Amino acid sequence: MPNLWNGRNWEDTSGQIDRAVHDRQYRMVIGLNVVENLDLIEGALLLAQGRGRYLRLKHAITDEIAINLSLTNQLKQIRDSATASWSEIAPLVSDLAGLQANLVANLNRQAGKYVDRVLAVSVLDPGFWTEDFDHRPIYHPMCDPSQLAELSGISVVDAFPERDLAIGGTGGPLQALPYWILFADRNAKTATHHKAVIEIKDQIHAFCLPPSDGLDADIPEIKKIQSPGLRPLIRCVKDFGVDNEPNWQDWFTHGRLVSQWSQRWDSILRQHDFRTDEFEIQIIRSMSALISSGLQFKELTRTWIDWICTLLWRSLEKILLDQLVLSADSVFTPILLSQLQHLTRTQSLEIVSAEQGNDCPALHSHVAGILGFFHIDQMPANLPEMTGADSLRILGRLTPGRPASWRKLVQIMADYHPAPMRLRDAI
């Protein structure tokens, strides 16, 4: 067990009183994240001190549980269907809740004698997304909060995108403030380091995290940068029916950089917004033509990764950064770290993996847990400049656990008085 929880031996009466006061500073939340591929649930038991934007994580224990192949395939089928009914969805999310409850039980056991201090289970999932007649996004969570609350006994916070959608937003990204809590320089004496968290997936999302000494009156101004990601490359390889699992590391290492391809993709980018389907169609057509002409996947992989990393660095080099934190699929992480280090070799810039260099495995379960803390602390977690929402809002749907858990949570929420907000943000 962590020393922070069980390390000190309190024997005398004054020590016991001291301990009660000491322990009351700390709270625990379990964060769960259903990964995009729907084959795994990540979990993190988070111990934190402070509230709202002054929250600081002190310790975390992570675990995971696999989703069986049959349930994964059924969830993917429903996710890809535009006409799925609630009668089809309900049994699947109920089965998923059973797996989530098992993971919660595993994490609860690791809380030791402080198991009663777990305030809530906070759940992130890819959700089922559709559009209404006006092409506005509609979100339905993959979580059955009543079932999960009953099975685990703990109150559940979920459905974070819903409130942002209700006020005109797109439902995401919602990880900007949790990333700031996790990675930003918040040294109370000398907060000077500027950092950025880079998510490289289908698209690239970079979140520039300003330092804070805790005296700021407002929510920090986090800047977001977007650029093309890995999706066109992965789709092209898949469309050509590569039999074996692609060896991305080998392809990247032994591939040759072909500058003419980069110039062609620059031309497509000038003509089309990379967030549109037309951009992806044109890029995949160009890739397919090159492969059909006899060029190899290793050249394609080497050139595409160089191109997307170069585009990203062109945007980031204007910002005086001290550290880049990279979050990507584990098979791509070494490649992307290597390429970014090559591009920034003349800069005094540290580049680390979110999962390795910052002792933060299961990163998005940490994000889920922090969003749960924000809900408990009545802190708005959506940033309108990123989601397009009309205003800041407290995110999440709270489902009561068993009476003892619920009463404890309500008491803690009632005892806390959040800092005043600006009038235009509060209404």
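The values are calculated or read from the model by the stated rules, or taken from the named source; none is laboratory data. These numbers come from a predicted model, not from an experiment. Neighbour counts run over all protein chains shown; Cβ positions are idealised from the backbone, glycine included.
A few notes on this one:
- Output for segment 120-148, where each listed residue is aromatic (Phe, Trp, Tyr) and under 17 Å from residue 40 (Cα atoms): 128
- Taking segment 92-117 as the range and being at negative phi, among the small types (Gly, Ala, Ser) and surrounded by fewer than 18 Cβ atoms within 10 Å (Cβ to Cβ) as the test, the residues that pass are 94, 98, 105.
- Residues of segment 357-387 satisfying the condition of being buried (at least 16 other Cβ atoms within 10 Å of the Cβ) and on the phi > 0 side of the Ramachandran plot: 362
- Selected residue [outside any helix (DSSP H, G or I), out of contact with any Gly (no Cβ under 9 Å at 6 or more places or on another chain) and at pLDDT 90 or above] from 182, 174, 233: 174
- Residue check, residue 209 more than 23 Å from residue 52 (Cβ to Cβ), aliphatic (A, V, I, L, M) and either crowded, with 19+ Cβ neighbours inside 10 Å or at pLDDT 85 or above (or both): no
- Residue match in segment 57-75 (condition: among the charged types (D, E, K, R), in a helix (DSSP H, G or I), farther than 13 Å from residue 28 by Cα and out of contact with any Cys (no Cβ under 8 Å at 6 or more places or on another chain)): no
- Among (1) surrounded by fewer than 16 Cβ atoms within 10 Å (Cβ to Cβ); (2) of a type in the set (Val, Ile, Thr); (3) modelled with pLDDT under 90 - the single one residue 281 does not satisfy: (3)
- Of all residues in segment 76-129, those satisfying the criterion of being of a type in the set (A, V, I, L, M), in a helix (DSSP H, G or I), more than 15 Å from residue 28 (Cα to Cα) and in contact with a helix residue (DSSP H, G or I) (Cβ under 9 Å, 6 or more places away or on another chain) are 78, 89, 92, 93, 96, 97, 99, 101.
- Matching option when the condition is farther than 21 Å from residue 389 by Cβ, in a loop (DSSP other than H, G, I, E, B) and β-branched (Val, Ile, Thr), among 204, 154: 154
- Taken over segment 157-171, the criterion of being part of a loop (DSSP other than H, G, I, E, B) and touching a helix residue (DSSP H, G or I) at 6+ places or on another chain (Cβ under 6 Å) is satisfied by 169, 170, 171.
- Filter pass, residue 95 being under 21 Å from residue 64 (Cβ atoms), of a type outside the set (Val, Ile, Thr) and in contact with a Cys (Cβ under 8 Å, 6 or more places away or on another chain): no
- Within segment 379-419, being among the aliphatic types (A, V, I, L, M), in a helix (DSSP H, G or I) and closer than 20 Å to residue 121 by Cα holds for 404, 409, 410, 412, 413, 414.
- Residue 378 fulfils the conditions (1) closer than 24 Å to residue 258 by Cβ; (2) in contact with a Phe, Trp or Tyr (Cβ under 9 Å, 6 or more places away or on another chain); (3) of a type outside the set (Phe, Trp, Tyr) except for a single criterion, (1).
- Residue count for segment 221-235 under the criterion of being under 20 Å from residue 322 (Cβ atoms) and either in contact with a helix residue (DSSP H, G or I) (Cβ under 6 Å, 6 or more places away or on another chain) or surrounded by 20 or more Cβ atoms within 10 Å (Cβ to Cβ) (or both): the result is 3.
- Residue satisfying all of: in segment 145-163; charged (D, E, K, R) and at pLDDT 95 or above; nearest to residue 89 (Cα to Cα) among these: 158
- Only one entry in 315, 227 is assigned to a helix (DSSP H, G or I) and hydroxyl-bearing (Ser, Thr, Tyr), namely 315.
- If you go through segment 26-56 and keep only what is outside any strand (DSSP E or B) and closer than 21 Å to residue 180 by Cβ, you end up with 50, 51, 52, 53, 54, 55.
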